[in-house]
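What follows is a set of notes on a single structure, which appears directly below.
The values are calculated or read from the model by the stated rules, or taken from the named source; none is laboratory data. Predicted model, so just to flag it, every value in this text is computed and none were measured. In this analysis, Cβ positions are derived from the backbone assuming ideal geometry, glycine residues included, and neighbour counts consider all displayed protein chains.
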Amino acid sequence: MQNILKYLKGDGVIWIITLIMLAFSLVSVYSFVPILIKMEGGTPFKYLFKHIIYVGISLGVMYWVHKKDSKYISQLSKFGFYLAVALLIFTFFFGTKVNDAGRWVRIPFVGLTFQSSDFARLALIIYISRLLVKKKDILDNWKEGFWPVVIPIIVICGLIVKDNFSTAAILFSISLTMLFLGRVPILKILSLIGGGIALLLFIILVHKAAPDLNILPRYETWENRILNKIDDDKDVIANAQAMNAQLAIYSGSIFGKGVGDGELKEYLPEAYADFYYSSFVEEFGLVSSVILILLYLIILYRIMRIGLNSTSLFETYVCIGIGILVLGQASVNMLVCTGVFPVTGQNMPLLAMGGSALMITCLGLGIVQGIAHKQESLSSKKTKNKDVLVST
């Protein structure tokens, strides 16, 4: 491991945990895909090979980005935001549907798909970080400070919410957290929350009044999931996914059934993604699940420490946003599987099978590692300068 880490700059702990999780994801994906084989055919080796390619690309992206100075990330943030908007608009009209949700864009010739919202959420976090620094002295001014920061949030979340309410809600919450940490006046933040709720209610009313417009094509799905969660004992068929997920966790007991021996994973749609935590606990047990939670908390702690040690506000905001994003996704996946939240589509970062989500997570961690590498370089320069002064 030491031989590998000498080529990897930045926080060694984050590198080690990332490499361990990505390696473990190969085992879990191979074990958790029986339901996918039943639905789409193929063999476990087919999906494992595909996942290996994604892991290789993700590691390559993370390695390449962690060599770059954060100032270039800041300079490209505006372009990234506009690219995200363009991709979301393209997805809005021409997105490929999977499970009745048009969230995916198909890459020509190679047959692979990716979710434009995965890129959009990271692009928004980076762009907000830049705007908070640029407008830090005028954030109390509605026209010059507040709206220029808030409009990108409204645009991105508004484009995502049509087909992915949970992602839009998580991203909106992260954005509010960043606004609060960026010292945006609390009354303005509360007004944004109130306006967001009012706008969502208005859109729902329009959708109900004119269903032929199909403004919210997945509204009925959202409504059913919330109602089924409230009345989870009344409709066993409608709540089969959630009940099987909880039963899988229960059957896993303390040490789990062992790799490949899980049974309920074959009845959980997307056991390898949206219900990853249930499949994980069934096969690896409660003890392993506690270790998994600790690993995510360690990643969050290390990212936050890197951000808070930075002398750049932009780097601090970026680290905080990426850290919350990673932990937020993992937390929602766990809360859905344990029955606390209604069923929604958030997979487990670094572990679940998936292309765009995995690559964007590694891209975000690469940016954090680039910031950590910059801090190491500055620290080593200071140490050398001190040694020179002492020697003279």
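Okay, here's what the table says:
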{"item": "Qualifying position, being at pLDDT below 85, of a type outside the set (K, R) and on the phi > 0 side of the Ramachandran plot, among N214, N164, N224", "result": "N214"}
{"item": "Residue satisfying all of: in the stretch 115-145; small (G, A, S) and under 26 Å from the mean Cα position of the chain (by Cα); farthest from Y82 (Cα to Cα) among these", "result": "S129"}
{"item": "Selection count where residues are of a type outside the set (A, V, I, L, M, F, W, C), within 18 Å of Y277 (Cα to Cα) and under 21 Å from the mean Cα position of the chain (by Cα), scope the stretch 26-50", "result": "1"}
{"item": "Scan of the stretch 9-18 for residues that are of a type outside the set (S, T, N, Q), touching a residue at least 40 places away in the same chain (Cβ under 8 Å) and at negative phi, ordered by number", "result": "K9, D11, V13, I14, W15, I17"}
{"item": "Residue that is crowded, with 17+ Cβ neighbours inside 10 Å, under 19 Å from A357 (Cβ atoms) and modelled with pLDDT of 90 or more, where the choices are I35, I53, I73, I17", "result": "I17"}
{"item": "Pairs, first within 16 Å of L365 (Cβ to Cβ) in the stretch 295-319, second buried (at least 23 other Cβ atoms within 10 Å of the Cβ) and charged (D, E, K, R), C-beta under 6 Å, six or more apart", "result": "R302/D11"}
{"item": "Complete set of residues in the stretch 306-324 that are assigned to a helix (DSSP H, G or I) and surrounded by fewer than 20 Cβ atoms within 10 Å (Cβ to Cβ)", "result": "L308, N309, L313"}
{"item": "Positions within the stretch 360-380 being under 21 Å from S166 (Cα atoms) and either among the hydroxyl-bearing types (S, T, Y) or surrounded by fewer than 23 Cβ atoms within 10 Å (Cβ to Cβ) (or both), in sequence order", "result": "T361"}
{"item": "Given (1) farther than 21 Å from I360 by Cβ; (2) not in a helix (DSSP H, G or I), index of the condition K68 fails", "result": "(1)"}
{"item": "So E270, is it surrounded by 16 or more Cβ atoms within 10 Å (Cβ to Cβ), modelled with pLDDT under 85, acidic (D, E) and farther than 30 Å from D69 by Cβ", "result": "yes"}
{"item": "Helices (runs of 4 or more DSSP H) wholly inside the stretch 106-204 that include at least 1 residues being in contact with a strand residue (DSSP E or B) (Cβ under 7 Å, 6 or more places away or on another chain) and in contact (Cβ under 8 Å) with a residue 12 or more places away in the chain", "result": "116-134"}
{"item": "First in the stretch 68-85 and over 18 Å from C319 (Cα atoms), second anywhere and small (G, A, S), Cβ under 8 Å, 6 or more apart", "result": "L83/A123; A84/S116; A84/A120; A84/A123; V85/A120"}
{"item": "Residue count for the stretch 177-188, restricted to those that are crowded, with 18+ Cβ neighbours inside 10 Å and under 22 Å from L159 (Cα atoms)", "result": "2"}
{"item": "Any pair with Cβ under 8 angstrom, 6 or more apart, that starts in the stretch 331-345 at a residue that is under 17 Å from K265 (Cβ atoms) and buried (at least 19 other Cβ atoms within 10 Å of the Cβ) and ends at one that is at pLDDT 80 or above and of a type in the set (S, T, N, Q)", "result": "N333/Q346; N333/N347; V336/T344; V336/Q346; C337/Q246; C337/S278"}
